[in-house]
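Remarks on the structure that follows.
The values are calculated or read from the model by the stated rules, or taken from the named source; none is laboratory data. These figures come from a predicted structure and were not determined experimentally. Ideal geometry is used to build each Cβ from the backbone, glycine not excepted, and the neighbour counts take in all protein chains shown. When the accessible area is computed, the model is the full protein with side chains, heavy atoms only, and any ligands, DNA or RNA have been set aside. Shrake-Rupley method; radii C 1.70, N 1.55, O 1.52, S 1.80 Å.
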Amino acid sequence: MTASNDNRELRLLGIETSCDETAAAVVLRRGPANGVILSNLVRSQLHEHAAFGGVVPEIAARAHVEVLDVLIKQTLDEADLSMDGLDGVAATAGPGLLGGLLVGLTTAKAIAAARRLPLVAVNHLEAHALTVGLTDALEPPYLLLLVSGGHTQLLGVEDVGAYKRLGTTLDDALGEAFDKTAKLLGLPYPGGPEVERRAREGDETRFDLPRPMAGRAEPHFSFAGLKTALRRRAEGLGAVTDQDIADLCASFQRAACDVVIDRTATAMALYSPAFEKKLVVAGGVAANRALREGLEGLCDEKGFTLHVPPAALCTDNGAMIAWAGAERLARGLSNGLDFAARARWPLDPDAAPATGAGVKA
Ligand code: KG4
Ligand code: ZN
């Protein structure tokens, strides 16, 4: 697919309901790598899920239903637009929790049908992958490291709609590993930021934890073994002090970051050197400072530039969905009202299935 030469202004409503954030936004696309966020509202369901230590699909779907219509109205008001001012509606159609996806996609279909607007069914991973077009005016090709609670992937982003999956996790996602570590140590959900906070007071060399997959030829990931090793160490301590928790958090974070840096270095070497040397990081774990510092060092060493969208656009949001929808619409791509939500939807259909316990597409 060639770069778009469509400079027609497009105003898109974007709806995101694939996990535990209900989000709606309006984005104006002025041209290639030229967009403005007119409004961007996120309603997090953190409180609904905190008591369970993780996202409960049924609770998530109900919570999306309860707030989505009001959120869409608010986001249009903030953008100073009525539905008639829109050029299209985009919604996440996968991958994600099916109940939540249905809420967002069905709402988008209803708006599209009622207002005779084009519908764009957006792949959530593609939206993360293209966000730097909106935030950094960066166009493909680039290498993407996506690290969130649901996904851990290394992708060659060659063009809009053209992705090469280089590596994926064979079991847990990186954010999930942080969250499970936190839960194990009795820290609140979501665990990632809390593990990072505790790690600051800790000794990262105290516990010698494994670096799963490090040195392997393919840049895949695995975090289940690391989590198990951490649990054994914690159990071996008997009564756990605050300092033990800090040391466990620091040692876990060090091991996890070492693995991500090793895997990213492998992807850099695999990813055609003919491409410009740009590394983009997206997903909630991109907020982790130890990881970011490690990636900065790696990029310096390998001659890559590092691009990390601002935190609010790294985590799930509606603006990235609207922008991905606009990128597709500008290329004449839209979807029928019969488009079905997909719990799994790999970005690279040619990627060989990675084998492992709970493989994420
Ligand atoms: O992208 P995101 O907001 O939601 C999805 O999973 O799609 O990512 C949330 C994940 C959670 O697992 C959370 O614990 C993790 O990102 N996270 C962090 C940090 N901030 C968020 N993990 C490590 N360090 C952080 N500072
Ligand atoms: Zn996400």
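Give the relative contact order (percent, whole number) for the chain; include only Cα pairs under 8 Å separated by 6+ residues.
On the way: 814 pairs, mean separation 89.0, N = 361.
Rounded, it is 25 percent for the chain.
Only lysines eight or more places from LYS277 in sequence, or on another chain, were considered; those with a Cα closer than 28 Å are LYS164, LYS302, LYS360. For segment 102-116, the Karplus equation 6.51 cos²θ - 1.76 cosθ + 1.60, evaluated at θ = phi - 60°, returns couplings of 4, 4, x, 5, 5, 4, 4, 5, 5, 5, 4, 5, 5, 9, 6 Hz by residue, with Gly and Pro reported as x. Taking a point 7 Å from the Cα of GLU201 along the Cα-to-Cβ direction, the residues of segment 164-190 with backbone N closer than 14 Å to it are 187-188.
The string of couplings for segment 138-155 from the Karplus curve (6.51, -1.76, 1.60, θ = phi - 60°) is 9, 9, x, x, 7, 9, 10, 10, 9, 10, 10, x, x, 9, 9, 9, 10, 10 Hz, one whole number per residue in order, with x for Gly and Pro.
Annotation: aspartates and glutamates with alpha-carbon distance below 14 angstrom to LYS73 (same-chain offsets under eight excluded): ASP84. Note on segment 210-289: percent of Cα-Cα distances in each 5 Å bin, starting at 0 and stopping at the bin with the largest distance, equals 3, 13, 19, 20, 17, 12, 7, 5, 3, 1, 0.
Rounded if a/c is under 1.5, else prolate if a/b beats b/c, else oblate: with a ≥ b ≥ c from the C-alpha gyration tensor eigenvalues square-rooted, which is segment 1-159? The shape class here is oblate. Taking ALA63, ALA50, ALA25 in turn, the Gaussian network model of the chain (Cα-Cα springs below 10 Å) assigns the largest fluctuation to ALA50. Placing a label point 7 Å from the Cα of VAL70 along the Cα-to-Cβ direction, the residues of segment 37-52 with a backbone N closer than 16 Å are 41-48. As an exercise, use a Förster radius of 41 Å and the Cβ-Cβ distance of ARG231 and ARG116 to find the FRET efficiency, rounded to the nearest 0.05. The computed FRET efficiency comes out at 0.15.
Qualifying trypsin sites (Lys or Arg not before Pro) in segment 209-290, where qualification requires a DSSP coil assignment and no more than 16 other C-beta atoms within 10 Å, comprise ARG216, LYS277. By the Cα gyration tensor, the chain has an equivalent ellipsoid whose semi-axes, rounded to whole angstrom, run 35, 24, 17 from largest to smallest. TYR189 exposes around 50 Å² of accessible area when a 1.4 Å probe is run over every protein chain in place. Each of THR106 and ALA311 was given a label point 7 Å from its Cα along the Cα-to-Cβ line. The distance between the two points is 3.5 nm.
Taking ALA51, ALA93, ALA341 in turn, the Gaussian network model of the chain (Cα-Cα springs below 10 Å) assigns the largest fluctuation to ALA51.
Of the beta bridges DSSP finds with both residues in the chain, what % are antiparallel, to the nearest 5? Mind showing how you got there, number by number?
On the way: 30 of 47 bridges.
Within the chain, antiparallel bridges account for around 65 percent of the total.
Quick check: the angle from helix 224-236's long axis to the longest principal axis of the chain, C-alpha only, nearest 10 degrees? That helix lies at roughly 40 degrees to the long axis.
Could you estimate the translational diffusion coefficient of segment 1-95 from the Stokes-Einstein equation, with Rh from the Kirkwood formula over C-alpha pairs, at 37 °C and 0.692 mPa s, in whole µm²/s?
Values: Rh = 14.6 Å.
For the chosen part, D equals 225 µm²/s.
Taking the Cα centre of segment 142-308 as reference, the dipole from Cβ charges on Lys and Arg (+1) and Asp and Glu (-1) amounts to some 220 debye.
Ligands, DNA and RNA left out, the 1.4 Å accessible surface of the chain is 51% carbon and sulfur atoms.
Please state, as a whole number in µm²/s, the translational diffusion coefficient that the Stokes-Einstein equation yields for segment 238-361 at 10 °C and 1.306 mPa s, with Rh defined as the Kirkwood radius across alpha carbon pairs.
Values: Rh = 18.1 Å.
For the chosen part, D equals 88 µm²/s.
DSSP loop (so not H, G, I, E, B), at most 13 other Cβ within 10 Å: list which trypsin sites (Lys or Arg not before Pro) in segment 100-160 pass both filters. Could the numbers behind the result be given before it?
Values: sites: LYS109, ARG115, ARG116; in loops: ARG116.
Sites meeting the loop and neighbour criteria: ARG116.
Need one word for segment 112-162: rounded, prolate or oblate. Basis is the Cα gyration tensor (sqrt eigenvalues a ≥ b ≥ c); a/c below 1.5 gives rounded, then a/b vs b/c decides. Can you show the working numbers first?
Details: a/c = 2.49, a/b = 1.70, b/c = 1.46.
The shape class here is prolate.
Can you tell me how segment 142-308 classifies by the Cα gyration tensor, rounded, prolate or oblate, using a/c under 1.5 as the rounded cut? Judged from the Cα gyration tensor, segment 142-308 comes out prolate (a/c at least 1.5, a/b above b/c). Rolling a 1.4 Å probe across the protein heavy atoms gives segment 142-308 an accessible surface of 40 Å² per residue.
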